[in-house]
Structures are given as C-alpha cells and as structure tokens.
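Input: a single structure, listed below in structure tokens.
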Amino acid sequence: MTELAPTYDAKKYEAAIYQRWLASGFFNPDNLPLPPEAPNYTIVLPPPNITDKLHLGHAAMLAIEDALIRYHRAKGYRTLWLPGTDHAAIATQNVVEKMLYQQEGKTRYDYGRTEFLRRVWEVVLPIQTTILDQIKKMGASLDWSRLAFTMDEPRQKAVRHMFVEMYKEGVIYRGERVVNWCPRCQSTLADDEVDYREQMATLYTFKYSPDFPIPISTTRPETKLGDTAVAVHPQDERYQEYIGKTYSLDFCGQPLTIKIIADRSVDRNFGTGAVGVTPAHSLTDWQLAEKYNLPMVKVIDTDGLLGDNLGQFSGLSTLAARDLIVAELKKRGLLIKEETITNNLSVCYRCGTTIEPLPSKQWFVSVDKPITRLGGRSLKTAAYEVAKTGQIKFIPERFTKRYLEWMDNLHDWCISRQIWFGHQIPVWYQGDEILVSETAPTSPGWIQDPDTLDTWFSSGMWTFSTLGWPDNWQAGHKLGDLARFHPTEVLETGYDILTLWVSRMIMMSLFAVGEIPFYEVYLHGLVLDEHGQKMSKSKGNGLDPVAMIELYGADAVRLSLLIGVTPGNDCRLGTTKIESCRNLVNKLWNIGRYILSIIPDKAIFVHNNLDLSQTTLADRWILRQFNDLISAVSNYLEHYEFSLAAEALRDFTWHDLADWYIEISKIEDSKEKCNILAYILKHLLILWQPFMPFVTQVLWDELGVEDNLLIASWPQVLKINPEAEQEELDFKLVQDLIGEIRNIRSLNHLQPSQKMKMTIIAGQWADALSKEIKLIQNLRTGLETVTIIANGQVPEGSLAGAVGPFSFYLEGEAMSAVNHAQLEHKIQELTAAINNLSRRLNDPEFLSKAPEHIIAKEQTKLTNWQAELEALRQQLNS
RNA sequence: GGACACAUAGCUCAGUUGGUUAGAGCGUACGGUUCACAUCCGUAAGGUCACAGGUUCAAAUCCUGUUGUGUCCACCA
C-alpha cells in the first residue's frame, strides 16, 4: 500500500518539503487562515553575522525558535518569524582586511574607501546567500517575504532617522573623551568590546626627579610623560603637607608640571599610595582630570607611538619608550623598586592588539540625559525600570540581575567607529558648520563624517526597523506591521550578547517607539564539543551543521540541540548524540509506517470519529497517557522547557506507544485498536512537528488529509471515559508483571520454545486481571497457560515471584534455579526499605504533621512491599 | 576585587512549588529477534546526590559555611 522505505532517508525528502512549505505561503502570517481576532505571535530572528557561514550555535537558535513558532502556529496564533542578517561592521571589515592582506598583500588604504567597500561586498554577499540557504536547510519556517538586512535600504533609512532623532533630542552628542583605541584596527572600541588578558608585568616605583617629594608606582612609565598631577588619599598622613602644591620638574629630560591632589578613590595600600595622573591615557585618570580640572597632555598617537616634542622619546613605540625611561631613571638613581605583579592587559576583542586609551573626538549616546518623550527619564533609567518591574522577563531569571547590574554601571555609549564598512554617520561638516541630516546636503562644500556607526546601533533597532519603522510610526502611533507585531513576544538569543545587544535593543526601542521591544528574553547557552571545549575553526573541533544535516537529517540535528539542554546553560554535542536522535526519528518513521500498513481505511484520519464504547484496559491506558502527553508538552513549551517536552514525547512514542501499545495491538487485534492507533498517530505528528518538522510532514502526507500539517490544530485532550476516571486495575501493574516474567525467562536462559505455566494469586484484582490474560500470555512471555485465582497458596518448592500486590508461581520443563545472589540482594534492599518506611509510619510526629494523602500513600506502599517481600522469600526457598 | 552558575550512575545530563526504593540517553553485561524498525526488542549491574552544619515529621531540593570547576563584570595606578 505505502511505498515507505524501512529506514527514513532524510535527504530524499527535505529539500522538496521545504519548497512545498514555501509554496503554501503559511510562513507568512498574512496567509494564515485565521479569524481577525486571532492573537499575534512574533519573533525576530537574531541576524547572523555575514562574516562566516552558520555554526551549531546558530543551529540551536533556529531549532529553539522554530519549535516556538511551529507550536504557536498550531495553537492558532498569527505567527511571524522574521528573518535577517547582520552586516557586523567591524567583524566583517577585519575578516575581509585580513583576507585581502593575505591574498594581495594590501591594506585598506591601498585600495581607498570606494574600492575597499566594493571588495567587502564581493566577499560578503556570497556568504550571506550561503547563510540564508543554511537556514532553510534547518527547516526554519521564517517569513521570507519580510527578509531584512541591517544595511539594506529600509534599515539605512531607519538608522539615519534614528541618529537624527536622537541628535535632536540631545541624546547623541559629539565630544572629546578618552576612548579605547585599537592602533591596529585604527578605531575606537566600546567598553564591552575590550578583552582583558592576565599577564605578568613589572611595577616600577620611582620619583620623577630628585626634588619631587613623592615616589609613585606604575607599570607604564612611558605614559608618565603625560602626567599632570599626583593623587593621594585625603587622609594619608604621609602626604598631607604636599596636597594642593604644584611642582615644575624635569622628568628624564622632559618638563612636567605636577599638581598634588587628594581623592578618595586612591588606594593607600597600593604601591606608594600615590598615583601619577595621566589624563590623556587612562580612563580613570581622565575622570579625575575632569573632576579637578587638570590639563591634559597627549603623548601617544593613534599609531601607538610616542608623539612629537618629546625629545629622544618621539616616534618610539610604547615598549621602546618604556625601556628607555627605565634606563634613564636608573642612570639618574631615581628608580626605587622593580617588582613583578600580575595585571590585566586590555586588548582588542577582534585582533588582540593592546588597547591604548586616547583622547579623541567621537559621537556618543548619552545614557543619562533626561528625555522628554520618556517622561524625563534617561535611557539608562528607563531601560533599567522595564526589567526591574518585570515588564521584560529574562529566562532563566538569574540573567535579570546581570542585566540590571550592567545597566547600573552603564557609561555613555561611544557609537562612532573609524572603519569604513558600516552605516556612515549622517553628519556633514563645512568649516565650523555642522549638519545632521537624513539626506546629504545638495549644496557643494560639505564633507561627510568619515566614521561609521557601531554595529550594535543598527542591530539595536532590529525589532522595529524590520517592522517598517520609521514609515510605520506617524505622530506617535504605530501603523501596519509595527502596530500588528510590535512588541515582539520573545527574543531568543545567546547569553553572551545579553549586554552587547539585548540592552541596546531595549534602550533604542524605548526611545523610538516608547515601548519595550519584547516581553521575554530567552537565553540559550553555548554549544560545546564532546569534551566541553568551545568549538572553533583553529582547534578544528567544530561540527558543521550542514554536514551533520546531510549525514543524519535536519530533524535529528534539531532534536540533538533541544534534548538534554536547559536554558542559559552550555551544552555538549557530539555525533553519538545526533545519531541517537536520528534513531528516534527513524523510530517515529517506523511507527507511522506500521500504523499506516494496518489501517484498513484512511478515512479515519479525516473524520476522526473515535468509537470508545468497546475499549480495553490497555486502550484506556494509552489514551490517558496520550492525554497526559498533550498537556505536558503544551505546558513545557509554554515555559520554554524544550528538553522536557521532547523527552516526554520520546518516552511516549518509543516506550508507551511502540513497545507496549503497538505490541498489544498485535495481540488484541480489533477495529477500535486501529482507530485509536490512527488517532494517536495523527495527533502525535502534530505534537512532534515543532521538533522534527520534516519526518512528520512526510508521514502526514501519507494520511491523506487535506489540511497542511503546518496549520494543523494542536491536539485537544480527549474525553475517555468520564464515569471511570480511576481504573480498577492500574495497567502499570500488568506491565510490571509481564516485565517480571520476561526477567525470569532471561535469567533462566529460556528458549522461546520452552513454555511455562503460570498461576497468579491476585486477591481483589482477580476479576480485572482475568481480562488481561491474553496479554500476559502472549506479550513475549512464553506462557502456555495463565491461571488467575483470588486466594491461594504458593506450592512448596515452586518457582515463585511477586509484583506489587500479586504473587505468582511458575511450572515448566527445563526450569533451572533462579539467580540466588540477585534475589538475596533484592530481598535485602526491600527489607531495608520496609524497615525505614514502617519506622516512619510509627513515628507520631509524622502521623500528626504530614498531610493525610501522603500517609495513606505510604501505608498502601508498605502493604504492597510486605506482600512482595513474602513472595520473594518463597521464591528464594523454592 | 564583585557577581553568577555548576558539582547527581563509567560519560552527557534531567530532576518543575521539599513527599514512591533519585531518573533518562549513551556506554557496559546477559538474553532475544527475520512477518514496522539491528537506526530493533527484553533484562540487569552501577549513585553516601562534592563536603560540613542547620531548618523540617520529611532535604538531591530550602538556609549557612567550606572545597573544586566554569563564566561574566569591574579593573589596580
């Protein structure tokens, strides 16, 4: 009847299925057949950088988001998942510069701005195409009609508009400040783009000159050429007499003017307790200088070299100048002490070059300026409040604290970068005149600011720039897509960019549209290799998601990134895990194949009428299990517990359904069973779809149902048998009984041909159990006859056993002795457990304080255990 | 220096608000199996839940401290 192969071949189906999904149009919320009042559900895809093809971290992101999207689509939401990519300004420029230098030995200055940018696009556009293709291979149900790019025309417009708006509000300003400067990238870096490397350094203690009273300590003597003050603690008795005095002195041949100031920030116990203040080359010193109105002397230039007018030091590198100064100090007898300490060296997070703090004219976003449209609050306070008050929730919750702490310490954000690839700042100069405008001035003579914007400036606008802002924002009102889909439901991203990206999105959304960009932030961890190492190209331990998809199928790759993973925690992934997920996919495949092969009439999939008048214990059991599954999976998905959802699905599918119910159906063959199997298969496919969309779609196509699986409704809990919520006999007991018989057969190495006769003493359950004789006899138990009696004695010397409240004994040929050691072990364990439990049940405090249902439960448990122990003892004696 | 997380079976990890004899996958051992699936089925072994206290009738779970591992933030002149 069906042509399905014994093993699922993902490659054979995936590409064609994706094309059909695209053709259906259901990735686009506008095409979903929904009533107008249907609620919206939006996720914007965190745009991957176009520097490189996707890695497994991206694959994890896609698996999680697509699971959310497909679940909500099935739930009847007007679901939008909006795709895009990020130009990743500095990262991209570095990658391309490096590549060009390796291939052609030229720097960007050799090409010039226009030609260099042309080269960047030449490199990057094919990568972008690859990325989009990879996303499709994962099966992501993104609305491609709304595809965006952080540097496409609409986003360029949005960025310029934002800049101008912020400038008009006075939030963006230009100012001179000490910034983190990378001499290699020739650009500023934001505070959080600076990495720290621990290193051993020499701390030099010396005096500037013989006539200067206070020795100071530093690891960077060369910057001392720019000192304009020495700071001490106000209460430091050693230096009281000098505070406020100014000295003119000669420092290694260079003139310095040093004022002695007092500030509480100085640590009395470090070094000599006195700090040489270098306003131009240290951020903290610069802040001191602002506070005490100190002059600033610049001694290091943008290439990291010592500047002019510094005599013998001019033009030297910082390291060479340091050596020379130390030599000079030694010569003059001013060097007091050299000691080795560990300290942190600031380096560029992109290229690892040592950062030079330099004063420079840059553009900033003020985080402290009160903003009228935010009710007088600053970006910082507004963005702080929305998290503090719970308007935005972080999952896991602990990240709220990290966010709040970061916000609390936030300084003005330097947004100008001295690189070429990116959004050029929309500011033009003509002499002293300055023009901030969305469009270039038409009159001649204006020169545009050569700098570009920090990449997070454009990605910070991602939730609303992708929904048509600023066109969809008129007179303080949202229109079109912006009105329909903003705020988005959830931002799903890696915890590593919580501060870099998430915080900026919140600030920019509050500024632009006066509302939060999303209600929830779900943060996933990193994907590590099998040994817990970060995957990286240089280590060669990275797994390529597309290669994995080709080997095991997209469904398996997706599952492996969801199972065993908890929010905010890193996870390890190796091929064995993907393989086991592939096996699960194949299991579902075969379940589908089998059920399809035994269904006499596929009409059941369409009309869906279940006749439940003639159900057996097993039927009701599996339907209840399935009901529980529906509730559990829904509940887990609502709470972002993907792993638990997938595990619940796996346990039901593999164990309850395949290992038990399908096997039962082979014995208790009936029309009801076919119908129940059909019902479960159909709805199970819907439940699995968020996790493994491809294989479920292939099987769905075999059902002969007209509706598309993409929009098939999430299953409802089925009413099974209202008058009997509680079964007389728990089916679990039947399963345990069968398991025990199998165990005995296995221990005795019995061949299937060796039949046994079994008698079960079932007490009050004798009648109910009698109905299940056929199952007990035939479910791979190898029993010739099964007799069930209510009361009786286990005959002396027979092979006996017990399960829960049942005792049983077996007779048969070729029965060898049972495993005594194992039995004794079991008896010992059970005895200990019984002793513990009876002690508790005799404890008056437990009886008076524990809730009644717990006590009752414990009591039944004790009775059952005691019966089981008795049976085990008889078995041992036989 | 500040903060956060983690420590549970050989390995990778679950364990929801305290309440069955602490679970799963992989691995291991034993047994089975051609009629949906060897990408299969059954059974078993294996854990002082890092350590020490405390709260409670009851702690892997809550509190305090200790040790170890990892991450983030700040940054030392």
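The values are calculated or read from the model by the stated rules, or taken from the named source; none is laboratory data. Treat the numbers as computed from the prediction; the structure is a model and nothing was measured. All Cβ positions, even for glycine, are placed from backbone atoms using ideal geometry, and neighbour counts span all protein chains on display.
Tabulated values for the structure
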| item | result |
| --- | --- |
| Pair list, Cβ < 8 Å and 6+ apart or interchain, from the stretch A:643-654 residues that are farther than 17 Å from residue A:557 by Cα to residues that are more than 10 Å from RNA strand B (Cβ to nearest atom) | A:648/A:629; A:648/A:633; A:652/A:625; A:652/A:626; A:652/A:629; A:652/A:684; A:653/A:684; A:653/A:688 |
| Any chance residue A:428 is at pLDDT 90 or above, part of a strand (DSSP E or B) and more than 13 Å from RNA strand B (Cβ to nearest atom) | yes |
| Condition broken by residue A:211, with the remaining ones in (1) within 34 Å of the chain's Cα centre (by Cα); (2) more than 30 Å from residue A:482 (Cα to Cα) satisfied | (1) |
| Members of the stretch A:161-180 found to be within 13 Å of residue A:415 (Cβ to Cβ) and either within 15 Å of RNA strand B (Cβ to nearest atom) or crowded, with 20+ Cβ neighbours inside 10 Å (or both), listed by number | A:162, A:163, A:166, A:171, A:172, A:177, A:179 |
| Failed item, numbered, when residue A:669 is tested on (1) surrounded by fewer than 22 Cβ atoms within 10 Å (Cβ to Cβ); (2) assigned to a helix (DSSP H, G or I); (3) at pLDDT below 95 | (2) |
| Number of the exception - residue A:657 against (1) under 25 Å from residue A:566 (Cα atoms); (2) within 11 Å of RNA strand B (Cβ to nearest atom); (3) surrounded by 23 or more Cβ atoms within 10 Å (Cβ to Cβ) | (1) |
| Single match in A:400, A:342 (criterion: at negative phi, part of a strand (DSSP E or B), within 11 Å of RNA strand B (Cβ to nearest atom) and surrounded by fewer than 18 Cβ atoms within 10 Å (Cβ to Cβ)) | A:342 |
| Selected residue (only one of A:381, A:372 is surrounded by fewer than 16 Cβ atoms within 10 Å (Cβ to Cβ) and not small (Gly, Ala, Ser)) | A:372 |
| Flag for residue A:295 being under 30 Å from residue A:182 (Cβ atoms), loosely packed, with under 13 Cβ neighbours inside 10 Å and not aliphatic (A, V, I, L, M) | yes |
| All positions within the stretch A:845-878 that are away from RNA strand B (no atom under 11 Å from the Cβ) and either closer than 30 Å to residue A:744 by Cα or of a type in the set (Asp, Glu) (or both) | A:859, A:863, A:870, A:871, A:873, A:874, A:875, A:876, A:877, A:878 |
| Unique residue being among the aliphatic types (A, V, I, L, M) and within 16 Å of RNA strand B (Cβ to nearest atom) when the list is A:56, A:45 | A:56 |
| Test: residue in the stretch A:691-704 that is part of a loop (DSSP other than H, G, I, E, B) and crowded, with 16+ Cβ neighbours inside 10 Å | yes |
| Subset of the stretch A:181-207 (residues that are buried (at least 19 other Cβ atoms within 10 Å of the Cβ), more than 10 Å from RNA strand B (Cβ to nearest atom) and either under 19 Å from residue A:266 (Cα atoms) or under 33 Å from the mean Cα position of the chain (by Cα) (or both)) | A:181, A:182, A:185, A:187, A:188, A:189, A:206, A:207 |
| Members of the stretch A:452-468 found to be modelled with pLDDT of 95 or more and part of a loop (DSSP other than H, G, I, E, B), listed by number | A:460, A:461, A:466, A:467, A:468 |
| Boolean, residue A:236 is touching a residue at least 12 places away in the same chain (Cβ under 8 Å), closer than 25 Å to residue A:330 by Cβ and among the charged types (D, E, K, R) | no |
| Top-ranked residue in the stretch A:255-300 [being without any contact (Cβ under 8 Å) to a residue 12 or more places away in the chain and not in a helix (DSSP H, G or I); ranked as nearest to RNA strand B (Cβ to nearest atom)] | A:269 |
| Total residues in the stretch A:834-844, condition surrounded by 12 or more Cβ atoms within 10 Å (Cβ to Cβ) and either farther than 29 Å from residue A:810 by Cβ or within 7 Å of RNA strand B (Cβ to nearest atom) (or both) | 5 |
| Single unsatisfied condition, residue A:611 versus (1) in contact (Cβ under 8 Å) with a residue 60 or more places away in the chain; (2) within 14 Å of RNA strand B (Cβ to nearest atom); (3) of a type in the set (Asp, Glu); (4) over 20 Å from residue A:65 (Cα atoms) | (2) |
| Of residues in the stretch A:824-833 being more than 10 Å from RNA strand B (Cβ to nearest atom) and closer than 25 Å to residue A:792 by Cα, the one modelled with the lowest pLDDT | A:824 |
| Test: residue in the stretch A:474-481 that is part of a loop (DSSP other than H, G, I, E, B), modelled with pLDDT of 90 or more and closer than 25 Å to residue A:395 by Cβ | no |
| Failed criterion for residue A:356 (all others in (1) away from RNA strand B (no atom under 16 Å from the Cβ); (2) surrounded by 14 or more Cβ atoms within 10 Å (Cβ to Cβ) hold) | (1) |
| Qualifying residue in the stretch A:624-644 (condition: in contact with a Cys (Cβ under 6 Å, 6 or more places away or on another chain) and more than 12 Å from RNA strand B (Cβ to nearest atom)) | no |
| Members of the stretch A:740-785 that are among the small types (Gly, Ala, Ser), within 9 Å of RNA strand B (Cβ to nearest atom) and either surrounded by 14 or more Cβ atoms within 10 Å (Cβ to Cβ) or under 16 Å from residue A:799 (Cα atoms) (or both) | A:746 |
| Matching option when the condition is part of a helix (DSSP H, G or I) and more than 25 Å from residue A:465 (Cα to Cα), among A:133, A:110 | A:110 |
| Enumeration of residues in the stretch A:208-233 that are touching a residue at least 40 places away in the same chain (Cβ under 8 Å) and more than 10 Å from RNA strand B (Cβ to nearest atom) | A:208, A:209, A:210, A:212, A:214, A:215, A:222, A:225, A:226, A:228, A:229 |
| Near pairs, Cβ below 8 angstrom, 6+ apart or cross-chain, from the stretch A:538-567 (more than 13 Å from RNA strand B (Cβ to nearest atom) and modelled with pLDDT under 90) to any residue that is among the polar types (S, T, N, Q) and in a helix (DSSP H, G or I) | A:543/A:575 |
| Residue in the stretch A:641-664 that is in contact with a Lys or Arg (Cβ under 8 Å, 6 or more places away or on another chain) and outside any helix (DSSP H, G or I) present | no |
| Residues being assigned to a loop (DSSP other than H, G, I, E, B) and closer than 26 Å to residue A:229 by Cα - total across the stretch A:184-218 | 9 |
